[in-house]
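Working notes for the structure below.
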């Protein structure tokens, strides 16, 4: 769908967000990051582009002299992840917050087999931040999950919905439309 053909709010509603478009992460190596997102998680590479320093880029990212290469990958279900590798300016810093630090973010994905994924993630150099846990009680009873952090400090949460006696995923609901 082209952006200009997307449904716009009616005149009597305030302007607002219509939907999520993508989640972006700044990384130290686009090639290494793509190996994780595509080869380990099975996402699809959508595009890869270079952006030289320009007034346009300065205004978009708020960093004078910024140069970058970006790749967009698509998760199963359609969510887009934007991976950005900056080559300028030279004075770039690493930001590796703990989950409790203000400004820390994480992205969560539903998975079929948490244990198999944990092994793949660890094999790719990502570190689980603890042992997989199972929620006991409440609206997410039976949900298994763990956080993993990559070499660049990106944190991802993986969640496996509970299983029924026959092994099928239970009718666990997580989207606003299903609540």
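Express the relative contact order of the stretch 42-140 as a whole percentage, based on alpha carbon pairs under 8 Å and six or more residues apart in sequence.
Relative contact order comes out at 17 percent.
Sorted by packing (mean other beta-carbon atoms within 10 Å per residue), highest first, where do 17-23, 79-85 land?
79-85, 17-23
For the stretch 22-88, what class follows from the C-alpha gyration tensor (a ≥ b ≥ c being the square roots of its eigenvalues): rounded when a/c is under 1.5, otherwise prolate if a/b is larger than b/c, else oblate?
prolate
Taking only the C-alpha atoms, wrap a convex hull around the stretch 1-152 and report its volume per residue in Å³ as a whole number.
Convex hull volume per residue, Cα atoms: 182 Å³.
Quick check: Cα centre of the stretch 124-156 to Cα centre of the stretch 35-84, how many Å?
Centre-to-centre (Cα) distance: 25 Å.
Out of all DSSP beta bridges in the stretch 105-170, what portion is antiparallel? Express it as a percent rounded to 5.
On the way: 11 of 15 bridges.
Roughly 75 percent of the beta bridges in the stretch 105-170 run antiparallel, per DSSP.
Only the coordinates and a few stated rules stand behind these numbers; no lab work does. Computed from a predicted structure; not experimentally measured. Neighbour counts are summed over all protein chains in view; Cβ atoms, including those assigned to glycine, are modelled from backbone coordinates with ideal geometry.
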